[in-house]
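Below is one structure, written out as structure tokens; comments come after it.
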Amino acid sequence: MMKAEHAYRTISEVADLLQIQASVLRFWETQFHQIKPVKRMGRRYYRAEDVVLLARIRDYLYKEGYTIKGVQKRLKTETEAGVAPLPEKTEEVLHAQDAFVQEMSEVRDLLAPYVDG
């Protein structure tokens, strides 16, 4: 079952999608004031725009080689210039997540007979 495009994602869903640890997401929250997941009963829930921002931060750090301070400066500059993530990128990220979740579900089902439960 796939979530709607604008459905909230849990920290584990976002971590799986971005291929990073949940602890990294929690750390980034302390470093980037722009990351503001909804917190209910001690659980974090990310909106689609949060996922896009987190993907940008990941790319700046891991693909483009920025430091945390460098990403903070870049995000500040982008905010001041009115740069925002493109809506189609949000949709692209969420479709990739849904495909990943579906694929992992299929793999789990295939392996279930071989795993001691």
Quick one: work out Rg over Rh on the C-alpha atoms of region 9-114, Rh as Kirkwood radius.
-> 1.02
Contour minus end-to-end for residue 68 and residue 30, with contour as 0.36 nm per residue of separation and end-to-end as the Cα-Cα distance?
-> 12.6 nm
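Only the coordinates and a few stated rules stand behind these numbers; no lab work does. Since the structure is predicted, the reported quantities are computational estimates derived from the model, not experimental observations.
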